[in-house]
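Remarks on the structure that follows.
The values are calculated or read from the model by the stated rules, or taken from the named source; none is laboratory data. Note that the structure is a prediction, hence the values are computed from the model and not measured. When we count neighbours, we look across all protein chains shown, and the Cβ atoms used for this are built from the backbone with ideal geometry, even at glycine. These accessible areas exclude ligands, DNA and RNA; they are computed on the full protein's heavy atoms, side chains included. Shrake-Rupley method; radii C 1.70, N 1.55, O 1.52, S 1.80 Å.
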Amino acid sequence: QVRLKESGGGLVQAGGSLRLHCAASGRTFSGYYMGWFRQVPGKDREFVAGISSTGSSPYYADFPKGRFTISRDNAKDTVYLQMNNLKPEDTAVYYCAAAVSQARVVAGLAEYWGQGTQVTVST
């Protein structure tokens with residue numbers, strides 16, 4: 001089992017930045033592909049970014065490219081999402097996920113999920 005907990009969300013003005021953390025406990029997730037997703041009430045959960053077990057192959061949905069950066073520190077069992085130039089449409093609950101493959105991460109079929117952290121971007 002891998003237990004994931006997100007932190008770092010909050011309220012920011014448009015154009016501001018946040019850095020989300022996802023910390024693992026129970027066992028290390030160094031062997032897992034990791035991803036970030038977001039969800040707005042009434043809409044489907046949306047893939048944001050993913051990263052390989054080694055951190056060598058970050059990948060993104062189209063919308064966050066140039067603004068968001070995913071990274072991980074396996075020694076700390078932590079994955080990060082640096083979000084810059086935030087926009088009101090980025091407002092959502094952001095979730096961390098761990099999966100056994102990249103395909104499962106992108107498809108939203110991760111084996112483990114956190115509880116989410118709220119990000120609110122005001123105009």
Residues other than residue 2 with Cβ under 10 Å of its Cβ, Lys/Arg counted +1 and Asp/Glu -1, net out at 0
Note to self, the chain gives a 222 nm [θ] from helices alone (DSSP H runs n ≥ 4, -39500 (n - 2.57) apiece, / all residues, nearest 500) of -1000 deg cm²/dmol
Once residue 11 and residue 102 are pulled to full extension, the length gained, defined as 0.36 nm per residue separation minus their Cα-Cα distance, is 29.7 nm
Taking only protein heavy atoms and a 1.4 Å probe, the highest-to-lowest accessible-area order of 120, 69 is 69, 120
Rh_Kirkwood(the chain) over Cα pairs, Å, one decimal, evaluates to 14.1
Most fluctuating of 23, 103, 75 in the GNM of the chain (C-alpha, under 10 Å) is 75
Computed over the chain, the relative contact order (Cα-Cα under 8 Å, seq sep at least six) in percent reads 35
Once Lys and Arg are counted +1 and Asp and Glu -1 for all other residues with Cβ under 14 Å from that of residue 98, the total becomes +2
The stretch 1-22 and the stretch 50-87 have their Cα centres apart by a whole-number Å value of 12
With every protein chain in place, the accessible area of residue 77 for a 1.4 Å probe, in Å² rounded to the nearest 10, comes to 40
